[in-house]
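The next block holds one structure in the form of structure tokens; read it before the comments.
The values are calculated or read from the model by the stated rules, or taken from the named source; none is laboratory data. The shown structure was predicted, so the numbers you read here are calculated from the model rather than taken from an experiment. Glycine gets a Cβ as well: all are built from the backbone with ideal geometry, and neighbour counts include every protein chain shown. To get the accessible areas, we keep the full protein, side chains included, count just its heavy atoms, and leave off ligands, DNA and RNA. Shrake-Rupley method; radii C 1.70, N 1.55, O 1.52, S 1.80 Å.
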Amino acid sequence: QVQLVESGGGLVQAGGSLRLTCAASGSRFTISAMAWFRQAPGKQRELVASITSGGSTNYTDSVKGRFTISRDNANNTVHLQMNSLTGEDTGVYYCNAEYRYSVRSPTYRKWGQGTQVTVSS
């Protein structure tokens, strides 16, 4: 089974930066899309950014120009570089991966445990 481990969250002042990392581990799997979601207190989980295996990216409007998602396919790792952080970026950030075990297997989705990002004003 695929496991996702996130790191890089923490407390940062407004205007600062953080870099999140999510590493996938397991055996005999191929990851297609990877993404970062976040959930602020009292709000629903929302997509922040996603990236395909080919490197195509997608961002929610509120982070465009500030966040950059990237991935290392060889190491099954995805990063989220977050710049110019504001209080609106506070929340728990979750990594998500879509993967298969073979070309004929179903596609599965896995969530990481989440990492807290707190932006202080």
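Residues with beta-carbon under 15 Å from that of THR52, excluding THR52: net charge, scoring Lys, Arg +1 and Asp, Glu -1?
+1
If you put +1 on each Lys and Arg Cβ and -1 on each Asp and Glu Cβ, how big is the dipole of segment 56-98 around its Cα centre, in Debye rounded to 20?
Computed about the Cα centre, the dipole is about 100 debye.
Would you mind counting up the charge near ILE69? Only other residues with Cβ under 14 Å from its Cβ, with Lys and Arg at +1 and Asp and Glu at -1.
Once all neighbours under 14 Å are counted, the net charge is +3.
Based on Cβ point charges of +1 for Lys and Arg and -1 for Asp and Glu, what charge dipole magnitude is obtained for the chain about its Cα centre, in debye rounded to the nearest 20?
Computed about the Cα centre, the dipole is about 360 debye.
Carbon and sulfur atoms: what percent of the 1.4 Å accessible area of segment 5-106 do they account for?
After summing per-atom areas, the C and S share lands at 47 percent.
Taking all protein chains together and a probe of 1.4 Å, list VAL48, VAL5 from the most accessible to the least accessible.
Final ranking, largest accessible area leading: VAL5, VAL48.
Once the dipole of the chain is set up with Lys and Arg at +1 and Asp and Glu at -1 on Cβ about the Cα centre, which of GLY65, GLY114, ALA14 lies farthest towards its positive end?
GLY114
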